[in-house]
1. Within 10 Å of each Cβ in A:10-23, how many Cβ atoms from other chains are there, averaged over the peptide?
2. Probe radius 1.4 Å, ligands and nucleic acids left out: can you give me the accessible area buried at the B-A interface, summed over both chains, in Å² to the nearest hundred?
3. Can you give the mean number of other chain Cβ atoms that lie within 10 Å of the Cβ atoms in peptide A:26-39?
4. Residues with amide H under 5 Å of A:Ala34's amide H, sequence separation 5 or more or different chain, H placed in the peptide plane at 1.01 Å from N; which?
5. Residues with beta-carbon under 9 Å from that of B:Arg61, excluding B:Arg61: net charge, scoring Lys, Arg +1 and Asp, Glu -1?
Number of protein chains: 2
Amino acid sequence: MVGSVTTDELSLVFGALADPTRRAILERLARGDATVNQLAEPFAMSQQAISKHIKVLEKARLVRRTRAAQARPCALDAVRLDAAAGWIAEHRRIWADRYDRLDEHIAHLRERNEP
Amino acid sequence: MVGSVTTDELSLVFGALADPTRRAILERLARGDATVNQLAEPFAMSQQAISKHIKVLEKARLVRRTRAAQARPCALDAVRLDAAAGWIAEHRRIWADRYDRLDEHIAHLRERNEP
DNA sequence: CGCGTACACAACTAAATGGTTGTGCAACGG
DNA sequence: CCGTTGCACAACCATTTAGTTGTGTACGCG
């Protein structure tokens, strides 16, 4: 693609969440910090592949990394998730309003057609 | 990529949301149903490209389409957004718990080191 | 020191993504 | 009936993505 010049934050977050492996990594991290190898262990996938996934999560700022000796433990960063949750919540509200009206409309039709 | 065999629902939804153009389309639709051309108008992009974006949104079941004469109006479908919101909400809760404990821990350290 | 462990970087690849242009086609309006 | 409108399908292309293998390197340990 000719491509968007600046991939915005929200796109990074949603993009990071749009992969089962990465969501599984986040779920694993929710139960406690972990090293790359610990994260890689449950998956039928190379350590390098997991490393790449972690980098995606880092770019989206969903995880932070520290440098502890030879290990590079991963920890969750919730800030960006709030942005995603915020967007969805905002739009769910609008959706919901519209659907309430739609429900009314349908109810109205039913009332006329199924007396 | 060798690829996930079955791209699950959540991935489709997050994937659909991971694009500014598609989010803009959803925002436009939140203000009322629209035809493809109406949706395409604000963008410096061909009608066909918008058509593709809409198809992505349809696959994620974020929009529904009806066939009204020669027009194919688009309308929002909130069901899947709930799934995404649910996932985030669930994990935000876990994150928050962890951060509360972290805050406690930090507070505890401060208490000892900065009397 | 020399080895193992834990990880990252590089190069390669297949497939998906996001765009283009060109074309077809169904429906309405004169 | 014929042109215009509204949209989808197809072929093509560049870029990104998600994986691979191979290799390098920093750190801790005996």
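The values are calculated or read from the model by the stated rules, or taken from the named source; none is laboratory data. Owing to the predicted nature of the structure, the values given are computational and were not obtained by experimental measurement. Here the Cβ is made from the backbone with ideal geometry for all residues, glycine too, and neighbour counts use every protein chain on show. In case anyone asks, the SASA skips ligands and DNA or RNA and just uses the protein heavy atoms, side chains included. Shrake-Rupley method; radii C 1.70, N 1.55, O 1.52, S 1.80 Å.
1. 6
2. On the way: alone 8530 and 8530 Å², together 14110 Å².
Rounded to the nearest hundred, the buried surface is 3000 Å².
3. Working: counts 4, 4, 0, 4, 8, 2, 1, 1, 0, 0, 0, 0, 0, 0.
Across the residues of A:26-39, the mean count of other-chain Cβ atoms within 10 Å is 2.
4. A:Cys74
5. Values: positive: B:Lys59, B:Arg64, B:Arg80; negative: B:Glu9, B:Glu58, B:Asp77.
Net local charge, B:Arg61 excluded: 0.
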